[in-house]
Structure formats: C-alpha cells, structure tokens
Amino acid sequence: MARRTEPVDIPEVDALPGYPLPNEQTRLVGHKATERALLDAYRSQRIHHAWILGGAKGIGKATLAFRFAKFIVANPDRFGPQVAAAADLSVPGDHPVLRQVAAGGHPNILHLRRPWDEKSKRFKTDLPVDEVRRTVSFFGTTASAKAWRICIVDAADDMNASSANALLKILEEPPERCLFLVLSHAPGRLLPTIRSRCRRLGLDALTPSEILEGLQLLGVDPLPAANDLDELAATADGSLRAAISLLSGDGLAIAKGVRRLADNASQLDLSAVHALADLVAARGQTDNWLNFQHVLERLCHERMSRDVKAGVRSAYRQVELWENASRAIRDAEALNLDRKQVVLDFFFALRAA
C-alpha cells in the first residue's frame, strides 16, 4: 500500500516571516520614475522584450516586476484606453489577476528563483539550469492571440554558468508577445551578452522618508525613533528589506556599536568589543548575526571606496580585511564555530591595520 503523505508547505526563498511577498504587494514604495519608464515603454510603438531591473537587495525590484506583470496581464492591449489613461502600473483592487498572483501564480507569469531542496531541507545555493529550462514549456504552450507571457528571473545573480547560458539562448530568440524581467543586485556582474540583449533600469536607494512610508505600510511596530531614521536608511543602503531586518533583534544597536568601535580602532575599547560580540553571538538571535554581517560588509566597502578615491595604499588593507572577515563568517556558519570569536578577531585585525 502506498504511504499517504500530507501536503508540505514549501517556504519561499528570501521570505520575511510575517510580511507579504512581492507577488502579494499591491503598493509600491518609491521608484516612481522607473515605474513611469516601464509604463511608457509598454504603451509605445515598440517595447523591448527583456529588461534588467537593478538595485540593492530588498529595494523593491521584485515588487516592481510583479506590479508590471500584473498590469500587463490585466491590460493585454497596449494601445487600449485603460493603458492610455493609466497614471501608474496599479491594478484595481477587485481585479481577479491580483488574487491569482497573490495566491501563488498566474498561468501567464513564470517566476524563476532558487528552488527548495526537500532532501536537504534548504534552498539550493544557485538557480539551476533546469529552472531556466522551464521557459521552454512555458512559452511553448498555446495562449490566446492577445495574451502576454512574462518571465521574472529572481534573481539573475543566483544563476550558475549553465543557467546563464540557457537564459541567453532564449533571450537571443524570444517568442512573440513575451517579456523578461531580469532582477539583479549587481547587474555589472552579469554576462555581457545577457546585458547586451536587455534594457537596463536602475532602482535608486529609498530615501529615509520612503523607508518610513514602507515600514508604516507593512505595519512594522515599533517604528524607529525620528533621530534614528537617517542612520537606519543609510545602514540599510536604502533597502526596505534591510531596514526591517535591522529593526528586528538589536540591528540598530549593532550598527551603532560597529561604527563607534571602528572609528576608534586604534584605541580599542576591549570591554565594548566583548559586549558587542556577546550581543551578536547571543544564543537564538540569528537576526543579530545576520545584521552584523550586513553592517560589516557595508563598513568595509565604505572604507575601500574611500581609500581608493583618495589613492592611498590602505585600500589594499581594507580589501584584505573584508576578505578575511567574510572567510571567517563562512567558516563559522559551515563548521558551527564560535561567532563571538569572529567578531573579536575582526576588531583585533582592524586595530592592527
């Protein structure tokens, strides 16, 4: 007798527990100029078949991509009166396409992202070629003459060499009435051949007021104090996702602590270093560990950029410092090493540098 199995809820990659996914969002925070550019392109005489939406992780690329996709599915006639009169890419709240996409999909929208590995109970580390090859059956099925097919690649940075080449092949010979929305945290690292076949739109960092608007829209509670908002937006690199993560756990305290200690590394306060390390490595506080990594990466990259612009040799030290820190973080996660020691070692190395 076959064993009866219960349905398993497969998690969504990069989901923030308690917050809506990009396909569930009905509002867009910021990026009005980019939204307008997509709308104008859609109702123009010719629309390019592939677009790269670039910007920091969590800045709103996926939300904008789904917003554009839903608008197209709801308004397949590019020259119809609804499209001509549209002020943005919003779709009426009672439109069935919103419910379909929010419920997990629409037959004319293909969302490619890193899949869940049931065997290891974790997401795969890359976007494999088999996922990209789903486009063959997706674009090969019969659709009505007016229907558009939209493929959202989320994110292209996760592709390996095989999947990148598979995507390139279909970009070179695109089917009729299809659109590719290729999301990338670092578009400059994509294959030049992929970049050459796409139009690129960059999403700017969200301003402090836009970060606050997004937090309010998502019902984040408590909201940051007014005097912390600028620092929160800067530390988050204008990313709403990063801002939410920083507000969970002790993210802001960690950000302030790292910067304060780094600015006085030559006279390092050992008791403050140990206190920060205890906070980062506190048992059960995964958010603190992730926030520390984000703050550390931003600090090192800031200092690298500063020294490169100034033309000073210490830029090489900053590169070495970040490489060693990132290696220590990877080893700590892979081998379950002491996270507190990673924090201590970083600041001791910073003092020595």
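Which one, LEU167, LEU261, MET304, is farthest towards the positive end of the dipole of the chain when Lys and Arg carry +1 and Asp and Glu -1 on their Cβ?
Value computed over the given set: LEU167.
Can you list which of the GluC sites (Glu not before Pro) found in the stretch 137-241 are DSSP loop residues with at most 11 other C-beta atoms within 10 Å? Spell out each step's value before the answer.
Details: sites: GLU172, GLU176, GLU210, GLU213, GLU231; in loops: GLU176.
Qualifying residues, ordered by number: GLU176.
Is there a pair in LYS57/LYS146; LYS70/LYS121; LYS57/LYS124; LYS124/LYS256 whose C-alpha atoms are over 27 Å apart, and which pairs would that be?
On the way: LYS57/LYS146 34 Å; LYS70/LYS121 31 Å; LYS57/LYS124 18 Å; LYS124/LYS256 33 Å.
From the list (LYS57/LYS146; LYS70/LYS121; LYS57/LYS124; LYS124/LYS256), the Cα-Cα distance tops 27 Å for LYS57/LYS146; LYS70/LYS121; LYS124/LYS256.
Using the Cα centre of the chain as origin and beta-carbon charges of +1 (Lys, Arg) and -1 (Asp, Glu), tell me which of TRP116, TYR19, VAL319 is placed farthest towards the positive end of the dipole.
Towards the positive end, the residue furthest out is TRP116.
I'd like to know how the stretch 118-251 sits against the 2.2 N^0.38 Å rule of thumb: what's its Cα Rg over that expected value? Spell out each step's value before the answer.
On the way: Rg = 19.1 Å, N = 134, 2.2 N^0.38 = 14.1 Å.
Here the answer is 1.35, to two decimals.
Enter the Cα centre distance for the pair the stretch 34-49 and the stretch 55-107, rounded to the nearest angstrom.
What the calculation gives is 13 Å, centre to centre.
Given the chain, report the % of alpha carbon pairs whose separation exceeds 31 Å.
When all Cα pairs of the chain are counted, 42 percent exceed 31 Å.
Give me LYS70, LYS61, LYS256, LYS121 sorted ascending by neighbouring Cβ count inside 10 Å, so fewest comes first.
Working: LYS70 25, LYS61 28, LYS256 16, LYS121 8.
By the 10 Å Cβ count, ascending: LYS121, LYS256, LYS70, LYS61.
What is the magnitude of the charge dipole of the chain about its Cα centre, with +1 placed on the Cβ of each Lys and Arg, -1 on the Cβ of each Asp and Glu, and no other charges, expressed in debye to the nearest 20?
On the way: 46 positive and 43 negative charges, 215 e Å.
In total the dipole reaches around 1040 debye.
Could you list which residues have their amide H under 5 Å from that of ARG200, counting only those 5 or more apart in sequence or on another chain, with H placed in the peptide plane?
ILE52
Considering all alpha-carbon pairs of the stretch 248-352, what whole percent are spaced by more than 16 angstrom? All intermediate terms of the calculation are to be shown ahead of the outcome.
Values: 3037 of 5460 pairs.
So the pairs more than 16 Å apart make up 56 percent of the total in the stretch 248-352.
Using the alpha-carbon centroid of each, what span in Å lies between the stretch 207-258 and the stretch 274-345?
Here the two parts' Cα centres lie 20 Å apart.
About its Cα centre, what dipole magnitude does the stretch 22-202 give when the only charges are +1 on Lys and Arg Cβ and -1 on Asp and Glu Cβ, stated in debye to the nearest 20? Don't skip to the answer; put the middle values down first.
Numbers: 28 positive and 17 negative charges, 45 e Å.
That gives the stretch 22-202 a dipole magnitude of about 220 debye.
Can you compute the equivalent ellipsoid semi-axes for the stretch 22-202, i.e. the square root of 5 times each eigenvalue of the Cα gyration tensor, sorted largest first and rounded to whole Å? Walk me through the numbers on the way to the answer.
On the way: eigenvalues 123, 64, 60 Å².
Square roots of five times the eigenvalues give 25, 18, 17 Å.
Along Cα→Cβ, 7 Å out, is where each label goes; now give me the distance between the ones at GLU118 and LEU217 in nm to one decimal.
According to this spin-label approximation, the distance is 3.6 nm.
In the stretch 192-222, whose amide N lies under 20 Å from the spot 7 Å out along Cα-to-Cβ of ALA234? List them in ranges.
Within reach of a label on ALA234, which here means backbone N under 20 Å from a point 7 Å along Cα→Cβ, the stretch 192-222 contributes 204-213.
Every number here is computed from the coordinates shown, using simple stated rules; none is lab data. Because the structure is predicted, anything quoted here is derived from the model rather than measured. Cβ atoms come from the backbone with ideal geometry, glycine included; neighbour counts cover every protein chain shown.
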